[in-house]
Amino acid sequence: MKTKDQLIEALLELAFAEDIGDGDHTTLSTIPEDSVGRSKLLIKEEGIVSGFDTAIKVLHKIDPSIKVNVMIKDGSEVKPGDIVFTAEGKVRSLLMAERTLLNIMQRMSGVATMTKKYQDRLSGLKTKVLDTRKTTPGMRILEKEAVKTGGGENHRMGLFDMILIKDNHIDFAGGLEKAVERASEYCKKNGKDLKIEVEARTLDDVKKLSEMPEVDRIMFDNFSPELTKEAVKIVNGRKETESSGGITIENLREYGETGVDFISVGALTHSVKGLDMSFKAF
């Protein structure tokens, strides 16, 4: 399994391959090789900034000699006119890094901003908002990092770090009990220390799962707020609980008030508008 740094390195290799190719011919033809200058990361919209560490990786992968001066840290609220950082070095390098740097920071800042908007709706409650696997291919690790920056929590990173038994697994396995039993046996046999979460479709499922020692978390799939409240009472703190499906910013608070531990929201990453910003010479 690749590390975070390895995944980011692979992402940057692909980003440069598709953007720079065999050379930034506009820059190479118009800017002298020895030209030196400065650029600033300028915010043009209110939100939460995220992605600085990766932006620096972009700059230094292009040119390790670029000097960076940080003004605003990740997780900070920003407004139009704010300068997050400045970079000084060869103009050719700054221009070649510009688009990749902005693509990443705009996307991550958009995710962080959306996450804070959702988590703020749960202010004063114990419930935490979770991301999902509905992410941009290749950018999952960065988008999930941005969710944390925005005040949310990460669900599983992928199919490898948690067992989540959903409706199709249950039906193909021949029932709830069989699916859970097989998952538990699999972990023991293969030496896997993985949490087991199971999707409940009815209150009867919730009752059964609450009694199973192998189960760590119960997901209430497409439950109404009223049904969720009943389910939370049945579980009574014996398992972690999670609501999923049909949850929007408008009804999020209502679900949080049921006492559920987590609410997973695909919109944190799959329906995000990038935060407007630019990387301008000055």
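Does the range 256-282 hold any residues that are open to solvent by less than 40 Å² (accessible area, probe 1.4 Å) and among the hydrophobic types (A, V, I, L, M, F, W, C), and which are they?
Scanning the range 256-282 gives Val260, Phe262, Ile263, Val265, Ala267, Leu268, Val272, Leu275, Met277, Phe279.
Do the conditions hold for Ala179, that is, is it small (Gly, Ala, Ser) and surrounded by 17 or more Cβ atoms within 10 Å (Cβ to Cβ)?
Against the criterion (small (Gly, Ala, Ser) and surrounded by 17 or more Cβ atoms within 10 Å (Cβ to Cβ)), Ala179 qualifies.
Name the residues in the range 142-189 that are in contact with a Phe, Trp or Tyr (Cβ under 9 Å, 6 or more places away or on another chain) and more than 30 Å from Glu77 (Cα to Cα), would you?
Ile163, Ala179 - these are the residues of the range 142-189 that are in contact with a Phe, Trp or Tyr (Cβ under 9 Å, 6 or more places away or on another chain) and more than 30 Å from Glu77 (Cα to Cα).
Find the residue count for the range 82-94, including only residues that are in contact (Cβ under 8 Å) with a residue 60 or more places away in the chain and surrounded by fewer than 21 Cβ atoms within 10 Å (Cβ to Cβ).
2
Kindly indicate whether any position in the range 205-222 is open to solvent by 30 Å² or more (accessible area, probe 1.4 Å), out of contact with any strand residue (DSSP E or B) (no Cβ under 6 Å at 6 or more places or on another chain) and not charged (D, E, K, R).
Checking the range 205-222: at least one residue is open to solvent by 30 Å² or more (accessible area, probe 1.4 Å), out of contact with any strand residue (DSSP E or B) (no Cβ under 6 Å at 6 or more places or on another chain) and not charged (D, E, K, R).
Testing Thr54 on (1) within 16 Å of Leu275 (Cβ to Cβ); (2) free of Cβ contacts under 8 Å to residues at least 12 places away in the same chain; (3) of a type outside the set (A, V, I, L, M), one condition comes back false. Which one is that?
(2)
Whether any residue in the range 188-204 is in contact with a His (Cβ under 6 Å, 6 or more places away or on another chain) and either buried (at least 16 other Cβ atoms within 10 Å of the Cβ) or closer than 26 Å to Lys4 by Cα (or both) is what I want to check.
The first filter runs over the range 188-204 and keeps only residues in contact with a His (Cβ under 6 Å, 6 or more places away or on another chain), leaving none.
There is no residue in the range 188-204 that is in contact with a His (Cβ under 6 Å, 6 or more places away or on another chain) and either buried (at least 16 other Cβ atoms within 10 Å of the Cβ) or closer than 26 Å to Lys4 by Cα (or both).
Mind checking which residues of the range 136-145 are touching an Asp or Glu at 6+ places or on another chain (Cβ under 9 Å) and open to solvent by less than 30 Å² (accessible area, probe 1.4 Å)?
The answer is Glu143, Lys144.
Using beta carbons and a limit of 9 Å, which pairs, at least six apart or on different chains, have the first residue in the range 232-245 and modelled with pLDDT under 95 and the second one open to solvent by less than 30 Å² (accessible area, probe 1.4 Å) and part of a loop (DSSP other than H, G, I, E, B)?
Correct list of pairs: Gly245/Phe223.
Every residue, every condition in (1) under 19 Å from the mean Cα position of the chain (by Cα); (2) open to solvent by 20 Å² or more (accessible area, probe 1.4 Å), yes or no:
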residue: Asp5; (1), (2): yes, yes
residue: Leu12; (1), (2): yes, no
residue: Ser29; (1), (2): no, yes
residue: Ser39; (1), (2): no, no
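Which condition number in (1) over 14 Å from Gly151 (Cβ atoms); (2) out of contact with any helix residue (DSSP H, G or I) (no Cβ under 7 Å at 6 or more places or on another chain) is the one that Thr135 fails?
Among (1) over 14 Å from Gly151 (Cβ atoms); (2) out of contact with any helix residue (DSSP H, G or I) (no Cβ under 7 Å at 6 or more places or on another chain), the lone unmet condition for Thr135 is (2).
Quick check on my filter: what residues within the range 38-56 are touching an Asp or Glu at 6+ places or on another chain (Cβ under 8 Å) and part of a helix (DSSP H, G or I)?
Phe52, Asp53 - these are the residues of the range 38-56 that are touching an Asp or Glu at 6+ places or on another chain (Cβ under 8 Å) and part of a helix (DSSP H, G or I).
Name the pairs whose Cβ atoms lie under 8 Å apart, with the first residue in the range 107-133 and buried (at least 24 other Cβ atoms within 10 Å of the Cβ), the second part of a helix (DSSP H, G or I) and of a type in the set (Lys, Arg), and 6 or more positions between them or separate chains?
From the range 107-133, the pairs are Asp131/Lys144.
The values are calculated or read from the model by the stated rules, or taken from the named source; none is laboratory data. Keep in mind that what you see is a predicted model, and the values were worked out from it rather than measured. Cβ sites come from the backbone with ideal geometry, for glycine too, and all protein chains shown count toward neighbours. Side chains included, ligands, DNA and RNA excluded: accessible areas come from the protein's heavy atoms. Shrake-Rupley method; radii C 1.70, N 1.55, O 1.52, S 1.80 Å.
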